[in-house]
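**Q** One structure is given below, represented as structure tokens, and several questions about it will come after.
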Amino acid sequence: MKSAAQILTELTPIFRDALDDKQLVLSPDMSARSIEGWDSFTHTQLILAIEEHYRIHFRLKEVMNFKNVGDMCSAILRLAP
Amino acid sequence: MLFDSLTFLIAFPVFTVVFLNAPAWIQPRLMLLGSLVACATFGWVSLVWLILVTLIGFHFGRSIESAASTQRLWAAILLLLAPLLLLKYTDFVIDAIDSALAYFATPLIRPRFNFSLPVGISFYTFVVLGYVIDVHVSRTRAERSIANFALFTAFYPKLVAGPVERQADFSPQIDTPKRFDYARVTDGMRIIGSGLFKKLVVADRLSVVVNGVYANPDAYGGTALILTSLCYMFQLYYDFCGYSEIAVGSAKVLGYDLIWNFNRPYAARSISDYWRRWHISLTSWFFEYVFAPVSALLRRRRRMAVICGLLATFLVSGLWHGARWTFICYGLVHGIAISIDYLTARPRKRFRRWIPAPLYASLAWAITFAFVACADVLFRSDSIMATRAYLYRAITGLAPDLRFLTQHHFSAASMKALIAGLPIPKMDLVLALGTIVVIELAGYWGRERPFRQILAIQPLWIRWPAYYLVAGAIVYLGSQNAATMFIYMKY
Amino acid sequence: MRRFILRILIFSVPFLVLGTFVAAVDPFDCLGISTLVADSVKRESAMPLHNPLWKLQKYKNKPVSRIILGDSSVALLNTDEIRGATGHQYFNFAYGGGTLPEAVDTYWFAKSKGRLDAVYIGIGLINFNAYQNLNRVPEAEAMLSNPLKYLTNRIVVGAAFLSAYSAWTHHKVAIGVPNVSHEAFWRQQIDESLSQLLHEYQYPAESARKLQEVAADCRRNATHLVIVIPPTHMELQSKIVALGRGADVDRFKEFVANLGTVYDMDYSNDFTKGRGNFSDPFHTMTDEVMVAEVWGNRQQYSRHLAPRN
């Protein structure tokens with residue numbers, strides 16, 4: 001079973017690619033509000049990339065309601081043990 | 001009562017003084033009352049629709065929170081959209097049916113309703129829709145107080161043409177006491193001043209040439225048409241940005257923060273960048289509530305999901321502006337462009353590494369700007385045929401103009417001759433275009449810190465002359481003709 | 001908050017001072033509260049700056065049922081002489097640099113003030129051009145109904161300074177008087193002004209439609225509508241043909257012939273050949289001939305145009 005920290009490390013390159021920010025360092029409490037360029041458009045691209053990477057499928061309500069990076073990590077942990 | 005009317009000029013300061021000195025517990029009610037009275041100045045019909053949409057939204061917010069069901073959500077969406085769809089699109093649908101029938105057989109002359117649109121309905125309907133959906137996906141809690149909810153939908157500074165606020169951003173501000181704060185009030189006034197200047201001195205001045213040329217584009221040459229399309233770009237931008245600034249500024253004076261709607265849109269270097277800078281509150285609404293669900297639903301189809309989401313988003317956004325083929329086409333064209341933007345993101349990234357950064361930036365900017373200019377011709381024209389004719393004339397008319405200029409060795413007189421027919425006093429054109437250059441440069445310098453904040457910390461002998469310049473221009477160079485409206489009021 | 005309001009008041013002092021000054025001079029008599037500057041001074045220094053505002057204001061106070069619309073070529077018509085010839089009082093609503101959209105809007109303005117018995121419109125090919133579309137009448141109407149717009153209009157502010165200067169120093173201000181010799185001005189009008197005016201010509205479909213509405217309204221209300229084509233010097237007429245606008249002149253005359261009674265004075269005859277009859281190629285020296293032809297029905301240097309259909 002992966003740890004949340006491990007997921008965070010794996011997510012970092014995905015976020016960097018989608019948000020076009022090479023220096024981005026992720027933390028669980030980061031949200032669309034605190035990261036520049038994270039809007040609905042890039043959010044969808046992030047979801048696509050994450051789902052492809054982990055071969056998982058989030059629920060629609062989940063996708064609409066991720067409040068921060070931490071939420072995403074826990075959803076990934078639940079779906080991809 | 002519009003922002004640039006005399007009534008507003010008198011009513012707003014009076015209301016502000018009363019409001020900021022009122023006891024805190026009464027302030028939300030006072031604000032609601034003021035907003036409803038202001039809405040009623042547009043006619044009782046507007047007020048009735050506003051109250052109706054507010055009640056539907058409030059009821060469904062509570063009911064969806066108590067038991068989230070997709071059926072209730074759909075019922076709310078349909079009920080909320082029904083008035084807007086009915087008033088805005090009935091005649092268009094009848095027209096379409098009629099012309100389809102005419103294609104096959106004799107036309108059926110069905111009645112046309114010519115409904116007049118209640119003020120702000122396109123905006124507050126979306127505000128309430130967003131709220132109901134947010135409650136459904138538990139992004140926000142349902143509002144418990146009907147008065148607070150009504151203030152959220154009716155808040156006068158944003159009632160007529162946005163910004164499209166989110167309940168999660170606005171509602172927490174309602175119950176905090178509002179007191180006079182020198183820095184805040186003066187900052188708000190600087191924003192209002194900037195908005196009035198953009199609207200009255202620049203946009204209305206440009207509207208003269210735009211209206212004249214678009215009424216009869218066949219009469220003008222290539223240079224004049226291209227110049228006019230630029231004028232329209234900036235008229236549209238300054239008109240709506242001016243409106244938005246007055247909205248944000250007056251809200252700020254009263255102690256509320258609203259979303260900034262514009263962030264130098266014409267500096268964009270891609271179409272997706274442009275839409276992050278243009279009418280930000282509404283665009284982000286569309287992305288949140290149209291693009292996100294559509295692309296999330298279809299996301300097994302990978303890239304197609306994003307493309308479908310984008311096309312759907314921009315089709316709806318085009319239709320939102322009104323029931324006209326030009327708007328639908330405008331949405332579609334932008335949808336396609338942003339899809340291409342999305343699909344070519346990786347190759348572009350590679351290409352960027354190859355050529356010098358400034359060259360890439362100017363190339364990207366020029367392509368984006370030219371595209372937006374052409375799409376705006378579509379936005380302004382009466383029909384798709386008229387757009388085609390305008391663009392064709394503008395582009396093919398450039399060669400003869402260039403020949404004319406070379407014949408006259410690019411003399412000042414020959415350049416003047418090319419735009420001599422434009423229906424605007426030339427001084428006015430120079431004034432408007434010159435001002436645009438100054439404002440855009442100030443915007444460029446103020447990227448990190450807004451220009452008005454830099455001004456605010458200057459000594460009095462710099463500040464006041466600057467204020468006099470702006471206020472004097474608004475008073476003495478502002479549009480004097482009576483019949484000007486904010487463009488975005490009609491959508 | 002008190003300190004803030006005080007600052008706002010101090011800030012607005014210059015605007016209040018300027019507003020009070022303009023109100024005190026009242027260059028177009030729109031407020032009617034001050035007689036500090038004599039009417040004759042205002043007529044000389046303010047009227048030329050905004051003809052429509054001046055005339056709309058005068059007419060508003062004293063409507064007359066017979067009006068003359070058009071540009072400078074008929075603006076020189078003296079209504080006292082016309083009264084001498086006909087016994088009727090006229091109001092000359094023609095503006096320097098007047099256009100068709102202005103004439104049309106002025107017609108509806110005059111009509112809103114009372115019944116009209118006769119409307120005379122002076123038009124030549126120069127105005128019958130889609131590019132001649134400047135319209136100062138809506139602005140003037142807005143100022144008449146809103147004192148704040150009047151006090152803050154930059155032309156009114158300019159006129160206030162000019163009137164005050166003129167009243168204070170007893171200097172006459174000469175507005176629009178050419179500072180070149182008669183001959184040089186004549187040549188400049190033919191060679192430059194005309195070419196500029198007609199360089200871009202387009203049939204004014206919109207104004208034509210609006211004129212037809214005016215004509216229809218006149219017929220409905222039994223208002224006598226007369227079109228006057230004022231005389232221009234032959235040299236100018238020939239130059240128009242030389243510039244390739246001959247067909248446009250014909251088309252223009254054909255159009256106005258269908259509107260109402262037409263007095264065409266703009267053709268080759270002894271009057272238009274005489275250079276001494278004209279102050280410049282566009283304008284006659286005096287209004288004598290025009291009054292005799294149109295109101296005295298002399299038909300020596302004018303002809304009626306018959307409608308084609």
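The values are calculated or read from the model by the stated rules, or taken from the named source; none is laboratory data. Being a predicted model, the structure only gives us computed values, none of them experimental. Ideal geometry is used to build each Cβ from the backbone, glycine not excepted, and the neighbour counts take in all protein chains shown.
**Q** Looking at region B:21-34, which of its residues are within 14 Å of chain C (Cβ to nearest Cβ) and in a loop (DSSP other than H, G, I, E, B)?
**A** The answer is B:Ala22, and nothing else.
**Q** Looking at (1) touching a Gly at 6+ places or on another chain (Cβ under 9 Å); (2) on the phi > 0 side of the Ramachandran plot, can you tell me which one B:Leu310 breaks?
**A** (2)
**Q** Checking B:Ala203 against (1) of a type in the set (Gly, Ala, Ser); (2) within 14 Å of chain C (Cβ to nearest Cβ); (3) surrounded by 23 or more Cβ atoms within 10 Å (Cβ to Cβ), which single condition isn't satisfied?
**A** Every condition holds for B:Ala203 apart from (2).
**Q** Let me ask another. Answer yes or no as to whether A:Lys61 is in contact with a His (Cβ under 9 Å, 6 or more places away or on another chain) and within 11 Å of chain B (Cβ to nearest Cβ).
**A** So A:Lys61 fits the description; yes.
**Q** Can you give me the number of residues within region C:204-225 that are under 17 Å from the mean Cα position of the chain (by Cα) and either modelled with pLDDT of 90 or more or among the charged types (D, E, K, R) (or both)?
**A** Number satisfying all stated conditions: 1.
**Q** Being surrounded by fewer than 18 Cβ atoms within 10 Å (Cβ to Cβ) and within 12 Å of the chain's Cα centre (by Cα) narrows it down to one residue among C:Gly114, C:Gly97, C:Gly122; which is it?
**A** C:Gly97
**Q** Looking at (1) farther than 28 Å from A:Met64 by Cβ; (2) part of a helix (DSSP H, G or I); (3) among the β-branched types (Val, Ile, Thr), find the lone condition where B:Thr176 falls short.
**A** The single condition B:Thr176 does not satisfy is (2).
**Q** Kindly establish whether C:Val256 is assigned to a strand (DSSP E or B), buried (at least 16 other Cβ atoms within 10 Å of the Cβ) and either within 14 Å of chain B (Cβ to nearest Cβ) or touching a residue at least 40 places away in the same chain (Cβ under 8 Å) (or both).
**A** Considered against the rule, which asks whether it is assigned to a strand (DSSP E or B), buried (at least 16 other Cβ atoms within 10 Å of the Cβ) and either within 14 Å of chain B (Cβ to nearest Cβ) or touching a residue at least 40 places away in the same chain (Cβ under 8 Å) (or both), C:Val256 comes out as no.
**Q** Being within 30 Å of B:Ala215 (Cα to Cα) and touching a residue at least 60 places away in the same chain (Cβ under 8 Å) is true for just one of B:Arg388, B:Arg393. Which residue is that?
**A** Among B:Arg388, B:Arg393, only B:Arg393 is within 30 Å of B:Ala215 (Cα to Cα) and touching a residue at least 60 places away in the same chain (Cβ under 8 Å).
**Q** Given the options B:Val18, B:Val37, B:Val53, B:Val48, name the one that is at pLDDT 90 or above and within 14 Å of chain C (Cβ to nearest Cβ).
**A** B:Val18 is the lone residue from the list that is at pLDDT 90 or above and within 14 Å of chain C (Cβ to nearest Cβ).
**Q** For C:Ala164, only one of the following conditions fails: (1) in contact with a Phe, Trp or Tyr (Cβ under 9 Å, 6 or more places away or on another chain); (2) surrounded by fewer than 20 Cβ atoms within 10 Å (Cβ to Cβ); (3) within 24 Å of B:Ile474 (Cα to Cα); (4) in contact (Cβ under 8 Å) with a residue 60 or more places away in the chain. What is its number?
**A** (3)
**Q** Among the residues of region B:406-417, is any under 25 Å from the mean Cα position of the chain (by Cα), hydroxyl-bearing (Ser, Thr, Tyr) and either part of a helix (DSSP H, G or I) or over 21 Å from C:Tyr201 (Cα atoms) (or both)?
**A** no
**Q** Only helices (runs of 4 or more DSSP H) wholly contained in region C:139-245 count here; list those with 2 or more residues that are within 14 Å of another protein chain (Cβ to nearest Cβ) and closer than 30 Å to C:Val25 by Cα.
**A** C:147-152, C:154-169
**Q** Residues in region C:74-83: is at least one of a type in the set (Gly, Ala, Ser) and at pLDDT below 85?
**A** no
**Q** Okay, moving on. Across region C:262-286, what is the total count of residues that are buried (at least 20 other Cβ atoms within 10 Å of the Cβ) and among the charged types (D, E, K, R)?
**A** 1
**Q** In addition: Considering each of A:Asp29, A:Asp17 in turn, give the residue that is touching a residue at least 12 places away in the same chain (Cβ under 8 Å), surrounded by fewer than 15 Cβ atoms within 10 Å (Cβ to Cβ), of a type in the set (D, E, K, R) and in contact with a helix residue (DSSP H, G or I) (Cβ under 8 Å, 6 or more places away or on another chain).
**A** It is A:Asp29.
**Q** Related question: For residues that are free of Cβ contacts under 8 Å to residues at least 60 places away in the same chain and assigned to a loop (DSSP other than H, G, I, E, B), scanning just region C:108-128, find the one that is nearest to C:Leu225 (Cα to Cα).
**A** For region C:108-128, the residue satisfying everything is C:Gly114.
**Q** Can you name the residue in region A:1-23 that is at pLDDT 80 or above and either more than 11 Å from A:Cys73 (Cβ to Cβ) or of a type in the set (Asp, Glu) (or both) and, of all such residues, is farthest from the chain's Cα centre (by Cα)?
**A** Among those residues, the one meeting the criterion is A:Gln23.
**Q** While we're looking at this one, here's another question. Scan region C:271-305 for residues that are assigned to a loop (DSSP other than H, G, I, E, B) and of a type in the set (D, E, K, R) and jot them down.
**A** If the condition is that a residue be assigned to a loop (DSSP other than H, G, I, E, B) and of a type in the set (D, E, K, R), then C:Asp287, C:Arg298 are the ones that fit.
**Q** Cβ-Cβ under 8 Å, sequence separation 6+ or interchain: first residue in region C:46-67 and farther than 13 Å from C:Ala142 by Cβ, partner surrounded by fewer than 20 Cβ atoms within 10 Å (Cβ to Cβ) and of a type in the set (Val, Ile, Thr). Which pairs?
**A** Every condition considered, the pairs that remain are C:Pro48/C:Ile175; C:Leu49/C:Ile155; C:Leu49/C:Ile175.
**Q** Exactly one condition in (1) buried (at least 21 other Cβ atoms within 10 Å of the Cβ); (2) in contact with a helix residue (DSSP H, G or I) (Cβ under 6 Å, 6 or more places away or on another chain) is false for C:Ile190; which is it?
**A** (1)
**Q** Just to verify a result, which residue in region B:129-138, among those that are surrounded by fewer than 24 Cβ atoms within 10 Å (Cβ to Cβ) and within 14 Å of B:Phe170 (Cβ to Cβ), is modelled with the highest pLDDT?
**A** The selected residue is B:Gly130.
One line per residue, one yes/no per condition, for (1) within 23 Å of B:Tyr289 (Cβ to Cβ); (2) crowded, with 18+ Cβ neighbours inside 10 Å; (3) at pLDDT below 90:
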residue	(1), (2), (3)
B:Leu311	yes, yes, no
B:Leu343	no, no, yes
B:Thr368	no, yes, no
B:Ala373	no, no, no
B:Leu402	no, no, yes
B:Thr406	no, no, yes
B:Asp428	no, no, yes
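**Q** Taking the options C:Tyr95, C:Tyr131, name whichever one is at pLDDT below 90, assigned to a loop (DSSP other than H, G, I, E, B) and within 13 Å of another protein chain (Cβ to nearest Cβ).
**A** C:Tyr131
**Q** Give the residues of region B:119-169 that are among the small types (Gly, Ala, Ser) and either more than 14 Å from chain A (Cβ to nearest Cβ) or assigned to a helix (DSSP H, G or I) (or both), sorted by residue number.
**A** Selection gives B:Gly120, B:Ser122, B:Gly130, B:Ala142, B:Ser145, B:Ala147, B:Ala150, B:Ala154, B:Ala161, B:Gly162, B:Ala168.
**Q** Here's another thing I want to ask about it. Here are B:Leu81, B:Leu85, B:Leu73: which of them is at pLDDT 85 or above, touching a His at 6+ places or on another chain (Cβ under 8 Å), surrounded by 10 or more Cβ atoms within 10 Å (Cβ to Cβ) and outside any loop (DSSP other than H, G, I, E, B)?
**A** Just a single option satisfies the conditions, and that option is B:Leu73.
**Q** Do we have C:Gly32 as assigned to a loop (DSSP other than H, G, I, E, B), surrounded by fewer than 20 Cβ atoms within 10 Å (Cβ to Cβ) and within 18 Å of the chain's Cα centre (by Cα) here?
**A** no
**Q** Give, as residue ranges, the helices (runs of 4 or more DSSP H) completely inside region A:38-81 that count at least 1 residues that are of a type in the set (Phe, Trp, Tyr) and crowded, with 19+ Cβ neighbours inside 10 Å.
**A** So the answer is A:40-54.
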